[in-house]
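The values are calculated or read from the model by the stated rules, or taken from the named source; none is laboratory data. Everything numeric in this text was worked out from a predicted model, so none of it was measured. Here the Cβ positions follow ideal geometry from the backbone for every residue, glycine too, while neighbour counts run over all protein chains shown. Quick note on the areas: whole protein, heavy atoms, side chains included, nothing else; ligands and nucleic acids left out. Shrake-Rupley method; radii C 1.70, N 1.55, O 1.52, S 1.80 Å.
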Amino acid sequence: SSRAFETIFRIRYAILGNPKISIMIPNKDHREELERCINSILEKSSYDNYEILVLENNSEEEETFVYYEQIEKNPRIQVLHWKKEFNYSAVNNMGEKEAKGEYLILLNNDTEVVTRNWIEELLMYAQRKDVGAVGCMLYYGNYAIQHAGIVLGLGAHRTAGHTHYKMGKDNLGYMGRLCYAQNVTAVTGACMMVSKKQYEEVGGLDEEFKVALNDVDFCLKLREKGYLNIFTPFAELFHYESQSRGRDDDSANKTNGERYEKECARFREKWKKHLEKGDPYFNVNFSLDYSNYVIGGG
């Protein structure tokens, strides 16, 4: 049973075989954050058949390249170089082409593994033939929730937003939803597993979404192909959000803010019918202004 209700169960699917996992981490400088992320993977992961691809894009600090030389001595780790302007989608699409794994994990460099069997918890769902992307529970450093699934249309921009945002780790969530795996419309690319085959089937990440909403767009493309996207709270990581480049919607950064607005407008146009119909996993009686399931309508 889950901790929410005796009649809502935690299911553990058997892992089929020992498929290779490619963990793709875009990075520009921020050596300490990247080192913390990689060390947590190497030291805490119980799954052993994986490679780490650091997707280097335009770092400038010497210590970053010194660190790259150190980590590339590990046969699990390879540094790939992207020399064009930063485009999160394009950088990951480059990494996918070089990835040797049957499954991919898109991972931010400002994350840190908490759960030892995080890879197995994602893989047990990603191996299902009806499943596309699988996302995990992400916490801020104080264990406030950063990601527990994404709802279409949620938030001020009416694009997509995270549910249960900044709730405490011990909170059960609405109807216990923080305590069991469930279907969701989308999960964040800060930590997302998907099969390489499905990644290619939907054409990878849309490079028109250079920084924001590319993960939600990707998940919607998977849904259009008939796949389910899943959030599981049993794979847990810290996410020290957007330390590397700043928040996309940061009003203090005019360039970031303008770019974010353009990408929001493009998203609303591309997925207009889906937004009008509403998220299939979010009751229409809940307000789209709040992440914590407040009655009020969209």
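Annotations for the structure displayed:
- Beta carbons closer than 8 Å, at least 6 apart along the sequence or on distinct chains, pair a first residue in region 84-109 that is within 19 Å of A212 (Cα to Cα) with a second that is of a type in the set (V, I, T) and crowded, with 21+ Cβ neighbours inside 10 Å for I105/I21; I105/I23; I105/I119; L106/V194; L107/I23; L107/I25; N108/I25; N109/I25.
- For region 173-186, filtering for residues that are open to solvent by 70 Å² or more (accessible area, probe 1.4 Å) and aliphatic (A, V, I, L, M) leaves 1.
- Candidates K277, K262, K270, filtered to the one that is in contact with a helix residue (DSSP H, G or I) (Cβ under 8 Å, 6 or more places away or on another chain), open to solvent by 40 Å² or more (accessible area, probe 1.4 Å), within 20 Å of D217 (Cα to Cα) and not polar (S, T, N, Q): K270
- If you go through region 189-206 and pick out every residue that is of a type outside the set (F, W, Y) and open to solvent by less than 10 Å² (accessible area, probe 1.4 Å), you end up with 8.
- Candidates I52, I38, I77: the one that is more than 19 Å from the chain's Cα centre (by Cα), free of Cβ contacts under 8 Å to residues at least 40 places away in the same chain and closer than 19 Å to Y103 by Cβ is I77.
- Search result, residues across region 179-227 that are in contact with a strand residue (DSSP E or B) (Cβ under 6 Å, 6 or more places away or on another chain) and in a loop (DSSP other than H, G, I, E, B): A181, T185, V187, T188, G189, A190, Y227
- Checklist (1) open to solvent by 50 Å² or more (accessible area, probe 1.4 Å); (2) closer than 21 Å to K197 by Cα applied to I52, failing item: (1)
Here's the yes/no breakdown for (1) more than 28 Å from D110 (Cβ to Cβ); (2) modelled with pLDDT of 95 or more:
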| residue | (1), (2) |
| --- | --- |
| V216 | no, yes |
| F234 | no, yes |
| E263 | no, yes |
| K272 | yes, yes |
| G297 | yes, no |
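- Condition met for L34 (among the aliphatic types (A, V, I, L, M) and either part of a helix (DSSP H, G or I) or open to solvent by 50 Å² or more (accessible area, probe 1.4 Å) (or both)): yes
- Looking across G153, G141, G95, one residue alone is over 25 Å from V284 (Cα atoms) and open to solvent by less than 40 Å² (accessible area, probe 1.4 Å). It is G95.
- Counted residues, region 280-298 - those being open to solvent by less than 40 Å² (accessible area, probe 1.4 Å), in contact (Cβ under 8 Å) with a residue 12 or more places away in the chain and of a type in the set (S, T, N, Q): 1
- Residue list for region 112-135, restricted to those being surrounded by fewer than 23 Cβ atoms within 10 Å (Cβ to Cβ), touching a residue at least 60 places away in the same chain (Cβ under 8 Å) and not aliphatic (A, V, I, L, M): E112, T115, R116, N117, E120, Q127, R128, D130
- Boolean, A160 is open to solvent by less than 10 Å² (accessible area, probe 1.4 Å) and either under 16 Å from C219 (Cα atoms) or within 15 Å of the chain's Cα centre (by Cα) (or both): no
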